[in-house]
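Q: Next up is a structure, given as structure tokens.
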Amino acid sequence: MDWLELSPDEWVAVRLSLKVSFWAMAASLPAGILVAWLLARRDFWGKSLLNGIVHLPLVMPPVVTGYLLLLTFGRRGPAGAFLYEHFGITFSFRWTGAALACAVMAFPLMVRAIRLSIEAIDQRLEAAAGTLGAGPLTVFATITLPLALPGVIAGMILAFAKAMGEFGATITFVSNIPGETQTLPSAIYTFTQVPGGELGALRLTLVSIALALGALLVSEWLARRASNRVAGL
Amino acid sequence: MTLQVDISHRQGDFLLETAFESAGSLTALFGPSGSGKTTLVNVIAGLVRPQKGHVAVDGRVLVDTASRTFLKPHRRRIGYVFQDARLFPHLTVRQNLLYGRWLAPREAQKAQLGAVVDMLDIGHLLARRPALLSGGEKQRVAIGRALLSAPSLILMDEPLASLDEARKGEILPYVERLRDAARVPLVYVSHQLAEVARLATDIAVLDKGRLAAFGPTADILPRLDLFGGAEAGEGGALLSMRVAGQDRAFGITTLRSQAGEIVVPRLDAALGTYVRVRLRARDVMVATAKPQGLSALNLLAGTIVSLEAVGDSGAEVRIDCAGETVVARITRLSATRLRLEPGMAVYAVVKTVSVEPAGAMPVG
């Protein structure tokens, strides 16, 4: 069974993928919750536009999203130049850029899951909290967010899984640099492009499947616990 | 403690236009469904913003459209017990109870958790979650939660409507305790006259968005014209009577007021305490002479004050019994045969009596 053992380079790709996906998920979570809440609970001018922009990466070719990111967040792009000059942050050809690409691609899935669970919350409970003296922020923190927890967890796991599989936008934006931006999908792609890479591709494929399956099981378990709690059991 | 309401609010075809000022410890908003009761409490709570008008509690203005004042619900400190309880499902009973208390300004907190829990008998529920409570238990917790948020007024929107008859009987004593002990005025929405007669110190009768009548319960209840539909026949006199005697051998209690004496099945009440006695007009007969050989025990002597035809066949007789008015609903045929007319001395024969503890009812 020696062929199942990952080479050091392959381990690097696995660890990088986990790191990129975790940060893509964690960094976009606050924005995801905010946007989901805005779409679920507020009416404002430009709501349809916001909804459209959030969902755009879902329907656009990933290469297009990656190229747009390169244009805006590349070293010479408007946002990229600003961030570099003022904060010394660089996205292009760095793992942080990979995380940004994954976050953008996963954002619609995260927002959708959280939004649906916020919409399912009985607004009369929020009104009841209001009559007990809770202002909008307190209502959100003590009623809305805890009750939406199953959806938030589902959104986080979905975003993580999506980030683990992101390929097109990442490779367009930050290329395919081993140890820096070469995530699992990029590594598998590279293996398939070189003679004798079949075994490596197969090993990383198995790792991908295992991680995706694990994420699903953990999310099921967490969501069931959270929804029991929300249902008061 | 006063509640001032003067509002005009249109919702589609429905116009709510009501003004009253109540200082009672329990003001009932009474009327059939669709009469605007819930809209009115939602205006008081701040969940509905009226197009025009003014609402104040104890002089503190909550809404005043003229000066563009509108306090958000969370700044009003008005407790609200909803028809469907609305307990927070993810919190335990204890956390639900303390939710409003935790948010209330410290100096306003009068009610203690222990005292409220004792008053409502919910001590054994504290660790549970709302999903495992019965309907009646949920309502008791909801009442406690509202009370602990240190409100200056508590609104109760048909808190018994979702309960069956047995459960309703379970909750009513707690509402009475709240009315008499908590020193927080209550506004109680109901479409059931029996509930209102038992609980209210004052009644505002709403009909299609308008105030049909407002006044102390004892003045409103005998006005049979106010109560139509399902509640027709529920109206009648409300007397405040004193427990004057207990007869253990026959299991009966004698109640007395200036109107006379009434005998009821044994009441568990001390001599001298006051009780609320409701004499429904349809349970009162009229006799021109003292009846002999009649099983009904309760006779009140008096003189007819007025006689009015009601509907096709009914007649409403008001009898003055030594200063207290008793109302009888009889047929017009009987009234004609007996040649009843104002000024005539008669006996009111009472078939059924419902007795409630008097509590905060104005006595004497």
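Q: So which residues in region B:1-23 are within 15 Å of residue B:152 (Cα to Cα) and not aliphatic (A, V, I, L, M), if there are any at all?
A: Answer for region B:1-23, where residues must be within 15 Å of residue B:152 (Cα to Cα) and not aliphatic (A, V, I, L, M): B:2, B:4, B:22.
Q: Would you check if residue A:126 is surrounded by fewer than 24 Cβ atoms within 10 Å (Cβ to Cβ) and of a type outside the set (A, V, I, L, M)?
A: Values: surrounded by fewer than 24 Cβ atoms within 10 Å (Cβ to Cβ): yes; of a type outside the set (A, V, I, L, M): yes.
In short, yes.
Q: Within region B:187-291, which strands (runs of 3 or more DSSP E) (wholly inside it) include 3 or more residues that are polar (S, T, N, Q) and outside the structural domain of residue B:158 (by TED's automatic domain parsing)?
A: Values: elements: B:202-207, B:210-216, B:236-247, B:252-257, B:260-265, B:274-280, B:284-287.
Once the strands (runs of 3 or more DSSP E) in region B:187-291 are filtered for at least 3 residues that are polar (S, T, N, Q) and outside the structural domain of residue B:158 (by TED's automatic domain parsing), what remains is B:252-257.
Q: Looking at region A:182-233, which of the residues that are part of a loop (DSSP other than H, G, I, E, B) and under 18 Å from residue A:12 (Cα atoms) is farthest from the other protein chains (Cβ to nearest Cβ)?
A: Step one: of region A:182-233, the residues part of a loop (DSSP other than H, G, I, E, B) are A:182-183, A:194-197, A:231-233.
Going one step further and asking which of them are under 18 Å from residue A:12 (Cα atoms), we end up with A:182-183, A:197.
On the way: A:182: 43, A:183: 37, A:197: 51 Å.
Top of the filtered list is A:197.
Q: Is it fair to say residue B:142 is assigned to a loop (DSSP other than H, G, I, E, B) and either within 13 Å of another protein chain (Cβ to nearest Cβ) or closer than 27 Å to residue B:47 by Cα (or both)?
A: Numbers: assigned to a loop (DSSP other than H, G, I, E, B): no; either within 13 Å of another protein chain (Cβ to nearest Cβ) or closer than 27 Å to residue B:47 by Cα (or both): yes.
Against the criterion (assigned to a loop (DSSP other than H, G, I, E, B) and either within 13 Å of another protein chain (Cβ to nearest Cβ) or closer than 27 Å to residue B:47 by Cα (or both)), residue B:142 does not qualify.
Q: Then there's this: Looking at the structure I just gave you, is residue A:155 of a type in the set (Gly, Ala, Ser), surrounded by 19 or more Cβ atoms within 10 Å (Cβ to Cβ), touching a helix residue (DSSP H, G or I) at 6+ places or on another chain (Cβ under 6 Å) and part of a helix (DSSP H, G or I)? Spell out how you get there, then give the answer.
A: Numbers: of a type in the set (Gly, Ala, Ser): yes; surrounded by 19 or more Cβ atoms within 10 Å (Cβ to Cβ): yes; touching a helix residue (DSSP H, G or I) at 6+ places or on another chain (Cβ under 6 Å): yes; part of a helix (DSSP H, G or I): yes.
Yes.
Q: In region B:258-311, which residues are exposed (fewer than 12 other Cβ atoms within 10 Å of the Cβ), charged (D, E, K, R) and free of Cβ contacts under 8 Å to residues at least 12 places away in the same chain?
A: The answer is B:268, and nothing else.
Q: Just one of the numbered conditions (1) closer than 30 Å to residue B:96 by Cβ; (2) surrounded by fewer than 16 Cβ atoms within 10 Å (Cβ to Cβ) is not true of residue A:218; which one?
A: (1)
Q: Run down B:150, B:115, B:161 and say which single residue is of a type outside the set (Val, Ile, Thr), more than 14 Å from chain A (Cβ to nearest Cβ) and either surrounded by 21 or more Cβ atoms within 10 Å (Cβ to Cβ) or not in a helix (DSSP H, G or I) (or both).
A: B:161
Q: Right, residue B:240: more than 20 Å from the chain's Cα centre (by Cα) and crowded, with 16+ Cβ neighbours inside 10 Å or not?
A: Numbers: more than 20 Å from the chain's Cα centre (by Cα): no; crowded, with 16+ Cβ neighbours inside 10 Å: yes.
Answer is no for this residue.
Q: Got a sec? Which of B:78, B:143, B:122 is of a type in the set (Val, Ile, Thr) and surrounded by fewer than 23 Cβ atoms within 10 Å (Cβ to Cβ)?
A: Working: B:78 fails: surrounded by fewer than 23 Cβ atoms within 10 Å (Cβ to Cβ); B:143 fails: surrounded by fewer than 23 Cβ atoms within 10 Å (Cβ to Cβ).
Testing whether each residue is of a type in the set (Val, Ile, Thr) and surrounded by fewer than 23 Cβ atoms within 10 Å (Cβ to Cβ) leaves just B:122.
Q: Here's something else I'd like to know. Of all residues in region B:24-78, which are within 18 Å of residue B:149 (Cα to Cα) and aliphatic (A, V, I, L, M)?
A: Of everything in region B:24-78, those that are within 18 Å of residue B:149 (Cα to Cα) and aliphatic (A, V, I, L, M) turn out to be B:41, B:44, B:45, B:47, B:57, B:62, B:71, B:78.
Q: Which ranges mark the strands (runs of 3 or more DSSP E) fully within region B:36-102 that have 2 or more residues being at the interface with chain A (Cβ under 9 Å from one of its Cβ atoms) and modelled with pLDDT of 90 or more? Don't jump to the end; show me each part of the working.
A: Numbers: elements: B:52-57, B:60-64, B:78-81.
Here the list reads B:78-81.
Q: Take the residues in region B:126-136 that are within 15 Å of residue B:163 (Cα to Cα) and away from every other protein chain (no Cβ under 13 Å), then tell me which one is nearest to the chain's Cα centre (by Cα). Quick ask: steps written out before the conclusion?
A: Filtering region B:126-136 for residues within 15 Å of residue B:163 (Cα to Cα) gives B:133-136.
Remaining after also requiring away from every other protein chain (no Cβ under 13 Å): B:134-136.
Details: B:134: 24, B:135: 21, B:136: 19 Å.
Here the residue is B:136.
Q: Then there is this: Among the residues of region B:194-207, are any modelled with pLDDT of 85 or more, buried (at least 18 other Cβ atoms within 10 Å of the Cβ) and on the phi > 0 side of the Ramachandran plot?
A: no
Q: So, in region B:164-185, exactly how many residues are in contact with a helix residue (DSSP H, G or I) (Cβ under 6 Å, 6 or more places away or on another chain) and either among the basic types (Lys, Arg) or in a strand (DSSP E or B) (or both)?
A: 2
Q: Looking at (1) in contact with a Ser or Thr (Cβ under 9 Å, 6 or more places away or on another chain); (2) away from chain A (no Cβ under 13 Å); (3) farther than 21 Å from residue B:98 by Cα, which is the only condition residue B:184 fails?
A: That leaves (3) as the condition not met.
For every residue, the table says whether it meets (1) under 12 Å from residue A:173 (Cα atoms); (2) in contact (Cβ under 8 Å) with a residue 60 or more places away in the chain; (3) part of a loop (DSSP other than H, G, I, E, B).
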site: A:67; (1), (2), (3): yes, yes, no
site: A:71; (1), (2), (3): yes, no, no
site: A:84; (1), (2), (3): no, no, no
site: A:89; (1), (2), (3): no, no, yes
site: A:106; (1), (2), (3): no, yes, no
site: A:115; (1), (2), (3): no, yes, no
site: A:126; (1), (2), (3): no, no, no
site: A:139; (1), (2), (3): no, no, no
site: A:144; (1), (2), (3): no, yes, no
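Q: I've got another one for you. What are the residues in region A:163-179 that are surrounded by 16 or more Cβ atoms within 10 Å (Cβ to Cβ) and of a type outside the set (S, T, N, Q), if any? Write out each step before concluding.
A: Our first condition is that a residue be surrounded by 16 or more Cβ atoms within 10 Å (Cβ to Cβ); within region A:163-179, this holds for A:163-176.
Answer for region A:163-179, where residues must be surrounded by 16 or more Cβ atoms within 10 Å (Cβ to Cβ) and of a type outside the set (S, T, N, Q): A:163, A:164, A:165, A:166, A:167, A:168, A:169, A:171, A:173, A:174.
Q: Out of A:145, A:116, which single residue is surrounded by fewer than 24 Cβ atoms within 10 Å (Cβ to Cβ), farther than 24 Å from residue B:151 by Cβ and within 14 Å of another protein chain (Cβ to nearest Cβ)? Before the answer, list the steps.
A: Working: A:116 fails: within 14 Å of another protein chain (Cβ to nearest Cβ).
Criteria check complete, one pass: A:145.
Q: Also, I was wondering about something else. Can you pull out every residue in region B:177-193 that is surrounded by fewer than 21 Cβ atoms within 10 Å (Cβ to Cβ) and within 22 Å of residue B:45 (Cα to Cα)? Explain how you work it out, then say what you get.
A: Taking region B:177-193 and keeping what is surrounded by fewer than 21 Cβ atoms within 10 Å (Cβ to Cβ), we get B:177, B:180-184, B:191-192.
Result: B:182, B:183, B:184, B:191.
Q: It is to be established whether one or more residues within region A:89-100 are farther than 26 Å from residue A:179 by Cβ and not polar (S, T, N, Q).
A: Taking region A:89-100 as the starting set, the residues that turn out to be farther than 26 Å from residue A:179 by Cβ are none.
Checked region A:89-100: no residue is farther than 26 Å from residue A:179 by Cβ and not polar (S, T, N, Q).
Q: For residue A:101, all conditions in the list (1) surrounded by 24 or more Cβ atoms within 10 Å (Cβ to Cβ); (2) more than 30 Å from residue A:74 (Cα to Cα); (3) more than 14 Å from chain B (Cβ to nearest Cβ) hold save one; what is the number of the exception?
A: Going through the list (1) surrounded by 24 or more Cβ atoms within 10 Å (Cβ to Cβ); (2) more than 30 Å from residue A:74 (Cα to Cα); (3) more than 14 Å from chain B (Cβ to nearest Cβ), residue A:101 breaks only (2).
The values are calculated or read from the model by the stated rules, or taken from the named source; none is laboratory data. Note that the structure is predicted; figures quoted are calculated from it, not measured. Glycine gets a Cβ as well: all are built from the backbone with ideal geometry, and neighbour counts include every protein chain shown.
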